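The values are calculated or read from the model by the stated rules, or taken from the named source; none is laboratory data. Since we're looking at a predicted model, the values are computed, not measured. Backbone-built Cβ (ideal geometry, glycine too); neighbour counts: all protein chains shown. Just the protein is used for accessible areas: all its heavy atoms, side chains included, with ligands, DNA and RNA removed. Shrake-Rupley method; radii C 1.70, N 1.55, O 1.52, S 1.80 Å.
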Amino acid sequence: MTVTEAVTTRRSVRQFLDKPVPYEVIHRVMDKARWAPSGCNYQPWQATILTGQPLADLRARIAGQPLGELEYSWDAPAAHEEYKARLGGVSAKMFEALGIARDDTAGRMAAMARNATNFDAPVLLLCYFPRFMLEPQWSDTGMWLQTIALLLREEGLDSCFQEFMAFYAKEIRAFLGLDPESTMFFCGMAIGYRDPDAPVNNFARERVPLEEQVRFLGWD
Ligand SMILES: Cc1cc2nc3c(=O)[nH]c(=O)nc-3n(C[C@H](O)[C@H](O)[C@H](O)COP(=O)(O)O)c2cc1C
């Protein structure tokens with residue numbers, strides 16, 4: 001698989017096959033992902049990866065818990081029409097693929113709630129780092145996570161990043177035995193083999209035209 005193929009075939013997968021992921025595969029991916037770049041070579045990222053009984057135990061602990069208070073926010077851009085529209089776009093496509101009507105609030109809530117069980121993925125990566133890390137290190141961690149996502153594609157695997165899991169930061173830290181004072185929980189990453197036929201894995205995604213994002217100077 002070329003890098004281009006890995007980039008273009010990666011998408012957020014929200015329905016997985018009931019197929020276990022071998023330890024050797026996950027270990028190989030994580031070992032390679034160590035070569036992701038980071039400012040000052042801090043390599044600020046940390047993770048715990050669960051499958052089988054530990055994952056079932058975590059899900060049982062989270063089940064029925066109310067959404068907790070977020071320790072970081074991702075919704076500031078939605079205060080601006082342009083970004084609100086991008087969020088609205090992906091939500092509309094996803095709910096349409098799931099056959100959930102616009103006014104079906106309960107259906108939408110239920111679909112969102114599937115985040116809590118990581119869309120039943122067989123593997124869950126939980127990503128965190130020391131609280132003293134600032135914006136550059138959050139960005140470094142993003143590069144590491146994308147590196148993992150692309151390496152997973154090379155292994156025929158798929159993923160979905162999950163900020164939603166930050167609603168359960170308290171439960172997750174307690175479950176993993178992480179110090180709440182010093183550990184910032186960032187996100188989950190559902191990992192497994194995609195269900196290729198699931199409509200939720202096949203809706204058309206949108207991207208902003210290149211010219212709106214990038215300027216090229218000096219070529220003309
Ligand atoms: C850091 C991060 C957190 C995300 N959190 C969630 C989430 O909690 N639940 C979800 O369904 N998708 C989540 N996503 C997936 C985005 O909605 C998705 O990447 C975006 O719509 C682009 O679609 P694509 O990944 O299929 O290309 C997250 C993505 C990123 C990068």
- Give the residues of the stretch 177-195 that are crowded, with 16+ Cβ neighbours inside 10 Å and away from the ligand (no atom under 13 Å from the Cβ), sorted by residue number. Leu178, Thr183, Met184, Ile191, Gly192, Tyr193, Asp195
- Does Val7 satisfy the criteria of being among the aliphatic types (A, V, I, L, M), more than 16 Å from the ligand (Cβ to nearest atom) and in a helix (DSSP H, G or I)? no
- Single unsatisfied condition, Met143 versus (1) near the ligand (Cβ under 10 Å from one of its atoms); (2) in a helix (DSSP H, G or I); (3) under 30 Å from Met1 (Cα atoms); (4) open to solvent by 20 Å² or more (accessible area, probe 1.4 Å): (1)
- Task: Exactly one condition in (1) in contact (Cβ under 8 Å) with a residue 12 or more places away in the chain; (2) within 12 Å of the ligand (Cβ to nearest atom) is not met by Leu87; state its number.
- Result: (1)
- Query: With Glu69, Glu96, Glu82, Glu135 as the choices, which residue is surrounded by 12 or more Cβ atoms within 10 Å (Cβ to Cβ) and not β-branched (Val, Ile, Thr)?
  - Reply: Glu96
- Query: Hey, among Val7, Val13, which residue is within 29 Å of Ala97 (Cα to Cα) and open to solvent by 70 Å² or more (accessible area, probe 1.4 Å)?
  - Reply: Val7
- Query: Of all residues in the stretch 196-210, which are open to solvent by 30 Å² or more (accessible area, probe 1.4 Å) and within 13 Å of the ligand (Cβ to nearest atom)?
  - Reply: Asn202, Ala204, Arg205, Glu206, Arg207, Val208
- In the stretch 16-47, what count of residues is obtained for those that are closer than 20 Å to Cys187 by Cα, in a helix (DSSP H, G or I) and open to solvent by less than 50 Å² (accessible area, probe 1.4 Å)? 4
- Count, please, the residues in the stretch 99-128 that happen to be assigned to a helix (DSSP H, G or I), out of contact with any helix residue (DSSP H, G or I) (no Cβ under 7 Å at 6 or more places or on another chain) and surrounded by fewer than 19 Cβ atoms within 10 Å (Cβ to Cβ). 9
- Message: Between a residue in the stretch 25-39 that is farther than 19 Å from Leu50 by Cα and any residue that is of a type outside the set (Val, Ile, Thr) and at pLDDT 95 or above, which pairs come within a Cβ distance under 7 Å, given they are 6 or more apart or on different chains?
- Response: Ala36/Met143; Ala36/Trp144; Pro37/Met143; Ser38/Pro44; Ser38/Asp140; Gly39/Pro136; Gly39/Asp140
- Note on the structure: For the stretch 48-66, the count of residues that are open to solvent by 40 Å² or more (accessible area, probe 1.4 Å), within 18 Å of the chain's Cα centre (by Cα) and not β-branched (Val, Ile, Thr) equals 1
- Please go through the stretch 164-220 and pick out each residue that is more than 23 Å from Asp57 (Cβ to Cβ) and in contact with a Gly (Cβ under 8 Å, 6 or more places away or on another chain). Pro199, Glu206
- Subset of the stretch 148-176 (residues that are within 14 Å of the ligand (Cβ to nearest atom), assigned to a helix (DSSP H, G or I) and either at pLDDT below 95 or open to solvent by 50 Å² or more (accessible area, probe 1.4 Å) (or both)): Glu163
- Log entry, pairs with first residue in the stretch 46-74 being within 27 Å of Asp140 (Cα to Cα), second being open to solvent by 70 Å² or more (accessible area, probe 1.4 Å) and part of a helix (DSSP H, G or I), beta carbons closer than 8 Å, six or more apart or on different chains, reads Gly68/Lys170; Trp74/Glu163
